[in-house]
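K.L.:
Can you read through this structure? Questions will come right after.
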Amino acid sequence: MSPLELKIKLEDLLGKRIELLLKDNRSVFLRVKKGFFSFKITLHKVFLEAEEEELKALKEWIKKKSKTSQKHLKTFFTKHLVHRNYSHKINLATLKPIGQHYNLQEIYDDLNQLYFQSSLKLNITWRKAPVYRKYRRITFGSFSPALKLIRINSLLDNPKIPFYFVSFVVYHEILHYVYPIKILNGRKSAHFKAFKEAEKGFSEYQEAEAFRKQFKRGKSYGWT
Ligand SMILES: [Zn+2]
């Protein structure tokens, strides 16, 4: 629908005059300022694709801030954000794909060629390792669908970590692009069956899995 249609629909639902501002960035999802005569509502552009159900949830949230409506809206937002591309907003100069030991750009390029006919256009960088307290869960990598950006934990930029493992972690994050998050019964699902099957396609899958388990178990690397 057009911005005007959205405005009219919301005014009908809320019984209020509204001032509607539509944004297209990752941080603004929904903001409401209630005035006596009118509401000032800032929404992400994905709401132009909202169905009746979401508009009702929006009304519920604005009027009562109900938990159910909030959950509904978040699910809607996540589902739609996956398809938006904000990668042009990345400052490429801030990416650091070349580490002390491993060059992520090379690893990514090789995987892209070997498994995806060089069809992917993703960004990749090392991410500074957080300070870990003992036995905390370690996230090896992450993928931002909106930024098309893979971030790999600098803990892996270490000669004690085998090359195939770093490569496997990058491969895993690439798969998050190829198999986007699904919403099943209102819950996000990332590592679903097709994803896991694809993961097994990695040439050194067995070794990588074995290393991952050993890594999780042990303090053998002295990273506590
Ligand atoms: Zn994952």
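Coordinate-derived values only; no laboratory data. Keep in mind that this is a model prediction, so the values were computed, not measured. Backbone-built Cβ (ideal geometry, glycine too); neighbour counts: all protein chains shown.
K.L.:
Which of the residues that make up the stretch 148-166 are within 16 Å of the ligand (Cβ to nearest atom) and over 19 Å from the mean Cα position of the chain (by Cα)?
P.N.:
Selection gives LEU156, PHE165, VAL166.
K.L.:
Residues being of a type in the set (Phe, Trp, Tyr) and either away from the ligand (no atom under 11 Å from the Cβ) or farther than 18 Å from GLU209 by Cβ (or both): count how many of those fall in the stretch 167-178.
P.N.:
Counting residues in the stretch 167-178 that are of a type in the set (Phe, Trp, Tyr) and either away from the ligand (no atom under 11 Å from the Cβ) or farther than 18 Å from GLU209 by Cβ (or both) gives 2.
K.L.:
Among the residues of the stretch 190-199, are any buried (at least 19 other Cβ atoms within 10 Å of the Cβ) and either away from the ligand (no atom under 15 Å from the Cβ) or of a type in the set (Phe, Trp, Tyr) (or both)?
P.N.:
No, there is no match, as no residue in the stretch 190-199 is buried (at least 19 other Cβ atoms within 10 Å of the Cβ) and either away from the ligand (no atom under 15 Å from the Cβ) or of a type in the set (Phe, Trp, Tyr) (or both).
K.L.:
Would you call ILE181 surrounded by fewer than 19 Cβ atoms within 10 Å (Cβ to Cβ), within 15 Å of the ligand (Cβ to nearest atom), of a type in the set (Val, Ile, Thr) and within 12 Å of the chain's Cα centre (by Cα)?
P.N.:
yes
K.L.:
Kindly indicate the residue of the stretch 35-54 that is farther than 27 Å from LEU147 by Cα and in contact (Cβ under 8 Å) with a residue 12 or more places away in the chain and also surrounded by the most Cβ atoms within 10 Å (Cβ to Cβ) among those meeting that condition.
P.N.:
Ranking the candidates gives PHE39 first.
K.L.:
Please identify the pairs in which a residue from the stretch 79-99 that is surrounded by 11 or more Cβ atoms within 10 Å (Cβ to Cβ) has its Cβ atom under 7 Å from the Cβ atom of a residue that is among the acidic types (Asp, Glu), counting only partners at least 6 apart or on another chain.
P.N.:
HIS80/GLU49; GLY99/ASP157
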